[in-house]
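Here's the structure, in structure tokens; my notes come after.
The values are calculated or read from the model by the stated rules, or taken from the named source; none is laboratory data. The structure presented is a predicted model; accordingly, all values stated were derived computationally and were not measured. We place every Cβ from the backbone using ideal geometry, glycine too, and count neighbours over all the protein chains shown.
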Ligand SMILES: Cc1cc2nc3c(=O)[nH]c(=O)nc-3n(C[C@H](O)[C@H](O)[C@H](O)COP(=O)(O)OP(=O)(O)OC[C@H]3O[C@@H](n4cnc5c(N)ncnc54)[C@H](O)[C@@H]3O)c2cc1C
């Protein structure tokens, strides 16, 4: 996404056609849950920080839009934190469109159910995830597309078959008729219980029921701002953001990852965002590496790029614009 945003900024910077420029500079995120809000907030921060590097672009040309089907975003956190988040996002020039859905998409337009069409070339879909298609092909009972399990996380009628995490519909024994939400904090704990229950079956011991109450929910809503509900208490602003970072840092597996991310986040506090673009080579597939450069790819992918190393592959016509071709390759 970062690469795509920078590519569109580059294109818009040299685009004369106002309509084309508008669709390159409009970014739409569908879904006002945790993933959508965090995505739109981060995207908005990034694109606005990158803008000063493009002399022909200005803030007024940008549109960052969050589309949500309900009356308030972040419904899991309650209305007051949802409204607070809307205010923060609006203060940062994000358009929040409520009570509407994305109906269809073309290459240059996003259509909403309320009849609005938004010229945009970027749509980020966060409005719901589904389990792997493999699940639907299994001959076991399912509920809302997920494998139904009992309180011990076993699949009924299928001895020694278990399911946990996002693919499982795990009944909440504290609230009959309800299921546990598909979150990592549940999946990790379900994993431990299922391991104990598999061992219990082998050893002939009694099985353990799965029960867990959500500890808290946290979301980052843009630079140094967050919202959180922990043990039933609401938090917002800088403290919630700090809590979000601290909790997620603590959850990263392994000391090396924790240190790398902590360094990265610290640098992020001190310096502006890195807006260098590294585009995928497959989009420039008309070029190929000569053999000696190809051999170098075993060397961790590091190449010394020089124009003498570039060859045009199976090009049916002449290359009449080498400057442009090289520029496209090197961008
Ligand atoms: C954008 C986003 C943000 C989220 N944020 C949070 C959050 O802040 N807090 C939170 O608690 N939860 C969050 N979640 C939810 C959380 O990520 C999931 O609930 C959790 O990862 C579920 O764990 P899992 O092991 O069931 O599935 P996954 O983590 O999806 O792991 C499934 C694994 O199975 C592999 N796989 C798939 N098919 C096969 C196959 N046929 N054979 C072998 N392997 C296969 C996949 O490659 C994958 O590695 C978020 C989810 C999303 C999408």
task = Can you tell me which residue among 187, 219 is within 16 Å of the ligand (Cβ to nearest atom), closer than 20 Å to residue 128 by Cα and not in a helix (DSSP H, G or I)?
result = 219
The stretch 175-184: number of residues that are within 13 Å of the ligand (Cβ to nearest atom) and either in contact with a helix residue (DSSP H, G or I) (Cβ under 7 Å, 6 or more places away or on another chain) or part of a loop (DSSP other than H, G, I, E, B) (or both) = 4
inquiry  = Would you confirm whether or not the stretch 156-178 contains a residue that is free of Cβ contacts under 8 Å to residues at least 60 places away in the same chain, exposed (fewer than 15 other Cβ atoms within 10 Å of the Cβ), touching a strand residue (DSSP E or B) at 6+ places or on another chain (Cβ under 6 Å) and over 26 Å from residue 247 (Cβ atoms)?
reply    = no
query = Which of the residues spanning the stretch 16-40 are within 13 Å of the ligand (Cβ to nearest atom) and part of a helix (DSSP H, G or I)?
reply = 34, 35, 36, 37, 38, 39, 40
query = How many residues are touching a residue at least 60 places away in the same chain (Cβ under 8 Å), under 20 Å from the mean Cα position of the chain (by Cα) and either closer than 20 Å to residue 45 by Cα or not assigned by TED's automatic domain parsing to the domain that holds residue 239 (or both) when one looks only at the stretch 68-87?
reply = 2
inquiry  = Checking the conditions here, which among 45, 16 is over 25 Å from residue 272 (Cα atoms) and either crowded, with 21+ Cβ neighbours inside 10 Å or in the same structural domain as residue 94 (by TED's automatic domain parsing) (or both)?
reply    = 16
Matching residues in the stretch 230-246 - criterion: being within 15 Å of residue 76 (Cβ to Cβ) and touching a strand residue (DSSP E or B) at 6+ places or on another chain (Cβ under 6 Å) = 230, 235, 236, 240, 244
message = Under 8 Å between Cβ atoms, which residue pairs at least 6 apart in sequence (or on different chains) link something in the stretch 198-226 that is assigned by TED's automatic domain parsing to the domain that holds residue 155 and within 19 Å of residue 88 (Cβ to Cβ) with a partner that is away from the ligand (no atom under 16 Å from the Cβ) and assigned to a strand (DSSP E or B)?
response = none
request  = State whether the residues of the stretch 190-213 include one that is within 13 Å of the ligand (Cβ to nearest atom), farther than 30 Å from residue 241 by Cβ and within 23 Å of the chain's Cα centre (by Cα).
outcome  = no
request  = Could you please let me know if residue 152 is touching a helix residue (DSSP H, G or I) at 6+ places or on another chain (Cβ under 7 Å) and outside the structural domain of residue 26 (by TED's automatic domain parsing)?
outcome  = yes
request  = Determine whether residue 262 is within 16 Å of the ligand (Cβ to nearest atom), over 19 Å from residue 164 (Cα atoms) and in the same structural domain as residue 78 (by TED's automatic domain parsing).
outcome  = no
request  = Pairs only if they're at least six apart or on different chains, beta carbon under 6 angstrom, first in the stretch 125-136 and touching a residue at least 24 places away in the same chain (Cβ under 8 Å) and under 23 Å from residue 39 (Cα atoms), second more than 9 Å from the ligand (Cβ to nearest atom) and not in a helix (DSSP H, G or I); list them, first residue then second.
outcome  = 125/30; 126/31; 127/30; 127/31; 131/145; 131/146
